[in-house]
Amino acid sequence: MTKLELQGVTKRFGENVVCRGIDLKINEGEMVCLIGASGSGKSTLLRCMNLLEPVDDGVILLDGVDIAEPGLDPQPVRQRIGIVFQSFNLFPHMTAVENVMLAPRRVHNRTRDDLLPEVTELFTRFGLADRMDHYPDQLSGGQQQRVAIVRALAMKPEIMLFDEITSALDPELVGEVLDVLRRLREAGMTMVLATHEMGFARELADKVCFLDKGVILEEGPPAQLFSDPKQERTCAFLARVL
Amino acid sequence: MKRTLTRTATSAVALVLTAGLALAGGHCAAGKTLNDGILTIATGNPAYYPWVMDDAPESKAGFEAAVAYAVANRMGFEDANVTWVRSSFDQAIQPGAKDFDFNLQQFSITEEREEIVDFSLPYYSAAMAVITRQPVVENGAEATLASLKGLLWGAHASTTAVPMLAEVVQPDAEPLLYGDNADVVEAMKANQIDAALMDLPTALFTAAVLMDDGVVLGQFPPERSENPDQFGLLMEEGNPLKECVDAAIAELTEDGTLAAIEAEWLAEATGVPVIE
Amino acid sequence: MTQTDLEGPAATPPGLTRRQVYEARIRRRSMRVAATSTGAVLLALFILIPLAPGWEGVKKSFFNADVFARTFPGLLEAFLLDVAIFAWSAPLIFLLGLLIALCRDAQSPALYPLRLFGILYTDIFRGVPVILVIYLIGFGIPGLGLPRPWNSPYIWGTVALVLTYAAYVAEVLRSGIESIHQSQRAAAASLGLSHSDTMRFVVLPQAIRRVVPANMNLFIALQKDVALLSFIGPVEIFRQAGVYKSLLANFTPYVGAALIFLAVTIPATRYADYLMNKQARARS
């Protein structure tokens with residue numbers, strides 16, 4: 001069943017057209033990986049999906065309802081689609097647990113006491129039980145990124161977007177974050193990743209899309225796309241990164 | 001021919017000038033002024049009615065302008081040899097050389113001030129007066145100490161009105177103090193204070209000219225306070241000119257000149273009720 | 001000299017590297033130079049100034065121990081009024097400044113009038129000397145005929161101070177708000193937080209912390225400008241010093257007042273600098 005569908009999504013910054021009419025279908029429980037060179041439009045496409053960037057043209061259907069309609073309040077949509085950023089973007093003046101509880105308290109009007117059991121459960125699940133009261137600058141990059149994921153999960157999103165979440169990490173910390181994704185995948189979360197981790201994409205993705213100059217040049221199951229790409233530019237890109 | 005004439009005229013003028021200077025040279029003040037033969041007098045900027053009329057002391061109009069010229073003449077200076085400069089109170093008392101021979105702008109003579117500067121003999125004994133507004137009088141303010149105590153007071157901060165308020169009136173509420181009389185008047189108009197203490201001539205002028213509903217409620221006669229408020233000419237500490245100035249003022253007091261000037265310019269000051 | 005250099009390495013104490021020995025020698029030399037130059041300046045101050053022909057007069061008028069002793073307690077007492085005015089003005093200034101800063105940050109077009117108001121407000125009140133605002137508001141508004149005690153110069157003088165300083169604080173806070181990276185707002189928005197919640201819980205707490213040193217400097221300036229209220233009547237330390245000056249024809253009370261101000265502002269300034277340095281270190 002299709003969870004999220006993009007039809008002709010176009011986004012430009014001034015003269016610079018970043019997404020040129022992108023079509024994409026994401027089924028429930030599926031993990032889709034967006035690959036491509038820097039500047040190919042992966043990040044912008046993700047930010048369009050949860051309306052952090054207003055879409056210039058095209059339709060985005062969430063459970064069949066167009067959410068890209070101009071003038072629509074983006075807040076309810078954002079509550080349903082979580083996003084995690086490359087640079088973590090934790091709130092530095094709050095402890096890990098305060099970071100996680102802020103949105104459920106303000107948006108869902110829930111109390112700390114009410115939230116504590118499930119939040120503690122989330123922290124524990126991702127190996128952060130003893131880090132709940134730490135401030136972001138007391139955590140390693142990998143821990144910060146895991147807190148950022150927990151923060152997004154605490155809103156109980158239906159879809160999770162991940163924007164190159166391992167790119168800013170030291171190599172030895174990448175594994176612990178990818179582990180988290182692996183477990184989310186097992187739990188059946190619908191996920192879209194912009195990533196440079198080709199091995200990870202190859203291992204777990206249901207579908208891989210190669211973006212080039214604002215269009216999806218080629219898409220398919222990882223086995224096919226990685227071993228038998230049809231497009232010349234895809235070959236060139238994969239030759240560079242693999 | 002023409003040239004000769006001009007030259008003769010010029011020397012004649014020079015001769016007259018020299019004669020004028022020579023006259024001063026024969027007197028007490030010779031060689032004791034800032035500029036030989038010239039008496040430099042300072043007053044406030046601006047100088048107020050009735051002390052100086054129209055801020056123009058050269059006109060000799062106004063009590064202090066008239067006193068200044070009387071003293072100058074008595075010391076042997078022609079009117080033409082008097083020049084005026086302006087100074088603030090702070091400039092008058094700051095240490096260092098002065099740019100005036102003497103300074104008059106209602107400076108009250110006090111012991112403490114005498115340690116820093118010199119004062120001449122007094123040329124005027126000022127009564128302190130209570131100035132207020134008609135609504136305050138209608139509310140029952142009277143010229144009695146008991147009634148005055150209950151008012152909200154204001155005063156010009158660098159006048160002897162401040163210690164007088166504290167010692168004689170002893171108001172119930174702390175007085176508010178201002179940088180000049182214009183601000184005192186402004187505060188009275190804004191109803192922030194009920195009454196202010198000023199020297200009598202200033203109070204009369206203020207009530208009549210600067211305010212719509214000003215009233216001079218009463219005066220504390222000079223002999224009333226322990227240290228009557230007396231105005232003196234202010235000079236640099238140790239100025240040798242002091243003896244000449246004192247001699248001139250003594251003569252002017254003696255022969256009734258000062259009293260006549262006072263009668264001419266400060267006549268209204270009589271007739272204000274005395275505070276019991 | 002040559003000898004010392006030759007002996008230097010030979011005399012190396014055990015446990016010190018050659019670099020440490022060299023640095024210690026440089027440090028000793030810098031201290032000698034600093035001590036000598038400081039000494040020379042102090043010597044010049046304490047010997048040459050009293051030699052000036054007017055020194056006796058200046059000493060009598062500005063540094064008169066007798067006058068100082070007589071007036072200092074009165075000045076201290078008057079200073080309490082400065083402290084009180086500061087104490088009730090500062091929180092009001094902060095609140096109004098915050099409000100103006102938020103007005104200037106308003107992004108919805110419906111709130112454009114607010115934004116325009118914020119801009120006009122900060123331009124006007126930063127452009128007019130404090131003393132003018134104090135005069136105009138302190139005398140002008142009570143002059144409209146307000147009944148007592150609502151026409152008190154304490155109230156309207158405070159209003160004038162608050163209006164003026166809030167403009168400066170608003171600008172400082174705005175710079176703080178703008179210094180918070182866009183990604184923080186994006187993170188908050190992605191969680192579904194509203195614009196006002198984002199401002200209140202994410203942006204402002206960080207912005208306010210970031211501009212604490214700049215605000216400290218403003219509040220030090222405020223502590224001095226409190227004295228300007230004396231122009232409309234209150235007898236605080238500056239006015240009290242002026243009264244003593246007139247009575248005693250002596251400027252020493254001003255020196256006393258200056259000392260009292262310094263006793264408060266120097267520690268505060270040092271503390272602000274300390275915070276500023278700490279922040280600079282934390283960011284680098």
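If you plug each phi of the stretch B:106-123 into the Karplus form 6.51 cos²θ - 1.76 cosθ + 1.60 with θ = phi - 60°, what whole-Hz ³J(HN,Hα) values come out, in order, with x for Gly and Pro?
Running phi through 6.51 cos²θ - 1.76 cosθ + 1.60 with θ = phi - 60° gives 6, 6, 7, 7, 10, 4, 5, 5, 4, 6, 9, 10, 9, 10, 6, 4, x, 10 Hz.
Let me understand the stretch A:1-118 better: what is its radius of gyration from the alpha carbons, and its Dmax, in angstrom?
According to the Cα coordinates of the stretch A:1-118, Rg and Dmax are 16.4, 50 Å.
Once you treat every alpha carbon in the stretch C:67-283 as an equal point and sum by Debye, what is log10 I(q)/I(0) at q = 0.10, 0.14, 0.17 Å⁻¹?
-0.56, -0.94, -1.19
Using a Gaussian network model on chain C with a 10 Å cutoff between Cα atoms, which of C:G57, C:G157, C:G233 fluctuates the most?
C:G57
For A:E218, enumerate residues with amide H under 5 Å from its amide H, sequence gap 5+ or separate chain, H modeled in the peptide plane.
Here the answer is A:F210, since their amide H atoms fall under 5 Å of that of A:E218.
Please compute the net charge surrounding A:D212, taking Lys and Arg as +1 and Asp and Glu as -1 over other residues with Cβ under 14 Å from its Cβ. Intermediate results must be reported in sequence, preceding the final value.
Details: positive: A:R20, A:K42, A:K213, A:K230, A:R233, A:R240; negative: A:E218, A:E219, A:E232.
Once positives and negatives cancel, what remains is +3.
Do you know the Lys pair count in chain B for C-alpha distances under 26 Å, with sequence separation 8 or more or different chains?
So the count works out to 7.
Within 10 Å of each Cβ in C:246-257, how many Cβ atoms from other chains are there, averaged over the peptide?
Working: counts 14, 10, 7, 16, 6, 5, 0, 0, 1, 0, 0, 0.
Per residue, the average neighbour count from other chains is 5.
What longest region of chain C stays clear of chymotrypsin sites (Phe, Trp or Tyr not before Pro) that DSSP places outside H, G, I, E and B and that have at most 15 other Cβ atoms within 10 Å?
The reported range is C:151-284.
With a sphere of radius 14 Å drawn around the Cβ of A:D228, what net charge do the other residues whose Cβ falls strictly inside it have (Lys, Arg +1; Asp, Glu -1)?
Working: positive: A:R202, A:K230; negative: A:E218, A:E219, A:E232.
Residues close to A:D228 contribute a combined charge of -1.
For the stretch C:205-279 and the stretch B:88-107, what is the centre-to-centre distance using only Cα atoms, to the nearest Å?
Taking the Cα centre of the stretch B:88-107 as reference, the centre of the stretch C:205-279 is 30 Å away.
Once phi is turned into θ = phi - 60°, what whole-Hz ³J(HN,Hα) does the Karplus curve with 6.51, -1.76 and 1.60 give for every residue of the stretch B:37-43, x standing for Gly and Pro?
The phi angles translate into x, 10, 9, 9, 10, 10, 9 Hz.
Peptide C:191-202: average number of partner chain Cβ atoms within 10 Å per residue? Let's see the in-between values first.
Working: counts 17, 17, 7, 4, 1, 1, 5, 2, 0, 1, 8, 7.
For this peptide, the per-residue mean of nearby foreign Cβ atoms is 6.
Starting from the amide H of A:R110, placed 1.01 Å from N in the peptide plane, find each other amide H under 5 Å away whose residue is 5 or more places distant or on another chain.
HN-HN under 5 Å from A:R110: A:R105.
Please list 3J(HN,Hα) in residue order for the stretch B:239-244, calculated via the Karplus relation 6.51 cos²θ - 1.76 cosθ + 1.60 where θ = phi - 60°; whole Hz, with x for glycine and proline.
5, x, 5, 3, 5, 5
For the pair C:A263/A:R233, report the inter-label distance in nm, with labels modelled 7 Å from Cα in the Cβ direction.
With each label placed 7 Å out from Cα toward Cβ, I get 7.6 nm.
Percent relative contact order of the stretch C:67-283, based on C-alpha pairs within less than 8 angstrom and at least six residues apart? Spell out each step's value before the answer.
Working: 228 pairs, mean separation 65.7, N = 217.
Relative CO of the stretch C:67-283 lands at 30 percent.
Working from the pairwise distances between different alpha carbons, so that the mean of 1/r is found and then inverted, what is chain A's Kirkwood radius in Å?
About 18.5 Å for chain A.
Around B:A129, which amide H atoms from residues at least 5 apart in sequence, or from another chain, sit under 5 Å from its own amide H, with H modelled in the peptide plane?
Those lying under 5 Å, H to H, from B:A129 are B:M198, B:D199, B:L200, B:F220.
For chain A, find the longest principal axis of its Cα atoms and tell me its angle to the long axis of helix A:141-153, 0 to 90°, nearest 10.
90 degrees
Which value in Å is the Kirkwood Rh of the protein assembly as shown over different Cα pairs?
Working: mean 1/r = 0.0289 Å⁻¹.
In the protein assembly as shown this quantity evaluates to 34.6 Å.
Hey, in the GNM for chain C with a 10 angstrom Cα cutoff, which one of C:Q206, C:Q240, C:Q20 fluctuates hardest?
C:Q20
Can you check what the net charge comes to around A:T124, using other residues whose Cβ is under 11 Å from the Cβ of A:T124 (Lys, Arg +1; Asp, Glu -1)? Numbers along the way, then the final one.
Numbers: positive: A:R125, A:R131; negative: A:E118, A:E121, A:D130.
Summing Lys/Arg as +1 and Asp/Glu as -1 gives -1.
Since every read-out is calculated from the coordinates, none of them should be taken as a lab result. Note that the structure is predicted; figures quoted are calculated from it, not measured. A quick note on method: Cβ atoms are made from the backbone with ideal geometry, for glycine too, and the neighbour counts reach across all protein chains shown.
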